1. If I stretch the segment between residue 171 and residue 113 completely, what's the gain in nm (0.36 nm per residue apart, minus their alpha carbon distance), one decimal?
2. Under the rule that a partner needs its Cβ under 4.7 Å from the first Cβ, which Cys of the chain have none?
3. May I ask you to list the residues of the range 198-217 whose amide nitrogen lies under 17 Å from a point 7 Å from Cα along the Cα→beta-carbon direction of residue 29?
4. Residues with amide H under 5 Å of residue 127's amide H, sequence separation 5 or more or different chain, H placed in the peptide plane at 1.01 Å from N; which?
5. Contour minus end-to-end for residue 216 and residue 138, with contour as 0.36 nm per residue of separation and end-to-end as the Cα-Cα distance?
6. Longer than 29 Å from Cα to Cα, which of 60/211; 26/57; 119/189; 180/200; 119/182 are they? Say none if no pair is.
7. Quick one: putting +1 on the C-beta of Lys and Arg, -1 on the C-beta of Asp and Glu, what dipole do you get for the chain around its Cα centre, in Debye to the nearest 20?
8. Could you tally the net charge around residue 43, taking each other residue with its Cβ under 13 Å from the Cβ of residue 43, Lys/Arg +1 and Asp/Glu -1?
Amino acid sequence: MINILGICGSPIKNSNTKIILKEAFKAIKQDGVQIEIFDLYNKKIQDCCHCNWCMDKQSKNEYCILKDDMEELYPKVVNAHALMVASPVYLGRLSGHLASVLDRIRCIHYGRYYAGGMKHKTGAAIAVSWYRNSGIETTISSIHWAFLTYQMLIAVPGSISTFGGAGVSSFSGTGDFDSKDKHQILKDKHGIKTAGLTAKSMVEIAHIIKKGKDVIV
Ligand SMILES: Cc1cc2nc3c(=O)[nH]c(=O)nc-3n(C[C@H](O)[C@H](O)[C@H](O)COP(=O)(O)O)c2cc1C
């Protein structure tokens, strides 16, 4: 079984980011793949305070000194073979909410008990912007830097998008919109396709890593 964890980095309920993440997962519904989404809507997650408690005092199931909704997320991250991290574009990079989550995951890689816990997980990124050419690639890249720091392997969709899932939430990324329809992302068929291809690539890599680990260990 391959465990896939999607993290939706929008603070909005039923966000465009959540929708494209769900669409991406439709492309990988198959036997042997278990999918779960952790949505940052309504979640209370503090910033990492760099106290280094995790490095000195962390123990089994005691991940971090800060007590908040990360306690629900930590075991899901530990058990995941692959993370699909989706963010709205905020000023050309990932949302602050998501940045806090990725910072806090530090304790699963550098913590005393969970040291190296992120190594060789697969990472895949999706970004959703309002305007076309307005920060999608830099947002995906800002997520990829976290994956690289955690020694994860990055899945990309291939030629139609290159770096990850890339969606727009206004009509064709022009900024035009219909105020009665907050889910324009569903009309971005190309963006949804890039997210699905990224998800498929993620599952392939996760399978390869899982098999490879059986050989190494
Ligand atoms: C603080 C902030 C910064 C934003 N910066 C950008 C930006 O740089 N480029 C862009 O195209 N859209 C930007 N947006 C718009 C969002 O990326 C866009 O509305 C996106 O669809 C939100 O996703 P959601 O519906 O999943 O929350 C910004 C929105 C906010 C709140």
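1. Values: separation 58, 0.36 × 58 = 20.88 nm, distance 4.77 nm.
Stretched fully, the residue 171-residue 113 segment lengthens by 16.1 nm.
2. Cysteines lacking a close Cβ partner in the chain: 8, 48, 49, 51, 64.
3. 199-200, by backbone N distance to the label point.
4. Result for residue 127 returns 87, 165, 166, 167.
5. Details: separation 78, 0.36 × 78 = 28.08 nm, distance 3.48 nm.
Computed gain between residue 216 and residue 138 is 24.6 nm.
6. Distance filter (> 29 Å) returns 26/57; 119/189; 180/200; 119/182.
7. Dipole of the chain, to the nearest 20 debye: 260 debye.
8. 0
Readers should treat all values here as calculations from the given coordinates under stated rules, not as data from a laboratory. Given the structure is predicted, the values throughout are model-derived calculations rather than measurements. Don't worry about glycine lacking a Cβ; one is built from the backbone with ideal geometry, like all the others, and counts go over all protein chains shown.
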